[in-house]
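The values are calculated or read from the model by the stated rules, or taken from the named source; none is laboratory data. All values derive from a computational prediction rather than experimental measurement. So basically every Cβ, Gly included, is an ideal-geometry build from the backbone, and we count neighbours across all protein chains shown. With ligands, DNA and RNA removed, areas are computed over all heavy atoms of the protein, side chains included. Shrake-Rupley method; radii C 1.70, N 1.55, O 1.52, S 1.80 Å.
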Amino acid sequence: MRTIFVKNAELVTRKSRSSLIIHRRDGSYREVNIRDIEAVVILGAATKIECGVISLLSRYNIPLSIVNRLGVSILAVPVVTLYNETRRAQYLLSDAEKTEIMLEILKAKFRGFSNILKYHEKEVPEAVLEEAVAERDLLHWEAATSRRYWQLMIDLIPGSILRELKDRYEFQGRRPRAKDPFNQSISALYAILYSLSTRALLASGLDPTYGLHHRTRYSLPLVYDYTEMYKPIAIHTLIKVLRKTEKLPQLDEDGYLTKESMSTMMKELFNTLNARIRRTRITPHRAIYINAIKLATRIRTRNKQIHYTYTYNPKKLQHTKTTDKQW
């Protein structure tokens, strides 16, 4: 797995159909073979992208994510396969079926939150997964449950760092467009997961533009739906970095995360994504692809016995040193 992370570059161009060329502001450049790329993430709004780059990435179904003050944007062209069996079934899902599938994904997400709390020997609140309430109003149930868990996640931030966030940045918890280092870090880590999930869903035959839960104002709503159960990985990644370094990620003069801070977080993230789940040969990275195929099968066959969710549990991961490279 290789995700190319681009920050403070002047221009991204392509070399024929084989490589991307990343031009730095000092006149130097870096060439990356297209076959080695799984996703491209660009941080900031100043980097220029050649139209041919977007076409080349689309040709090979490589997602391009852009993270800036407006949020996270994902550019991807769905696989050119019209009216196939999987997508026909996806488009014909009833509201009740969508809710049923999405509820399982969200339950996996919140179980992942609970596992993070258990890992840090914190008390897990009771009766947060109230399925009867969720089935009646999934949107409000998710929002309320997320707020409860997010407050518990915030409590895992070391006290000195949390005080700095509040004093210096008026930190009030998870806010996707907030300019503090914590929220910017979460958004950047999410962008990686969105990119991987986009490619996995495309490979499974599902249409990422047709969601279960998120609304159509998002470019790829199914990506946001599917990635929910992997978000605990990103959140725990940042918590681990904060506890290890005992300092906040740094921002540059433009208000974006520095390359050093991003590198530290990416290494921690990839270390988790490449860790083997105990008693299996599966890693969280492989689970993203495997579960996308299972989700497609669940939708196509209407077989409710198919298990398509992933629950993050740090106690069950066997870590190895990562060899992934980021820009």
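For this structure, a couple of remarks:
- Restricting the range 257-273 to residues that are buried (at least 22 other Cβ atoms within 10 Å of the Cβ) and out of contact with any helix residue (DSSP H, G or I) (no Cβ under 7 Å at 6 or more places or on another chain) leaves a set whose member that is nearest to Ile161 (Cα to Cα) is Ser261.
- Filter result (more than 17 Å from Leu222 (Cβ to Cβ), under 24 Å from the mean Cα position of the chain (by Cα) and modelled with pLDDT of 90 or more) within the range 70-120: Lys107, Phe110, Arg111, Gly112, Phe113, Ser114, Asn115, Ile116, Leu117, Lys118, Tyr119, His120
- Matching residues, the range 265-301, being in contact (Cβ under 8 Å) with a residue 40 or more places away in the chain, in a loop (DSSP other than H, G, I, E, B) and among the basic types (Lys, Arg): Arg278
- So Ala144, is it in contact with a Leu (Cβ under 9 Å, 6 or more places away or on another chain), part of a helix (DSSP H, G or I), under 20 Å from Glu100 (Cβ atoms) and modelled with pLDDT under 90: no
- Criterion: of a type in the set (A, V, I, L, M, F, W, C) and either open to solvent by less than 10 Å² (accessible area, probe 1.4 Å) or in a helix (DSSP H, G or I) (or both) - qualifying residue of Leu193, Leu212: Leu193
- Ala234 vs. criteria part of a helix (DSSP H, G or I), within 27 Å of Arg286 (Cα to Cα) and open to solvent by 40 Å² or more (accessible area, probe 1.4 Å): no
- Strands (runs of 3 or more DSSP E) fully within the range 33-122 counting 1 or more residues that are open to solvent by 20 Å² or more (accessible area, probe 1.4 Å) and touching a Phe, Trp or Tyr at 6+ places or on another chain (Cβ under 9 Å): 64-68, 71-75
- Considering the range 167-183, the residues that are more than 17 Å from Gly44 (Cβ to Cβ) and loosely packed, with under 12 Cβ neighbours inside 10 Å include one that is nearest to the chain's Cα centre (by Cα), namely Glu170.
- When the criteria are applied in full, Gly52 fails the requirement of being of a type outside the set (A, V, I, L, M, F, W, C) and either touching a Gly at 6+ places or on another chain (Cβ under 6 Å) or under 25 Å from Asp252 (Cα atoms) (or both).
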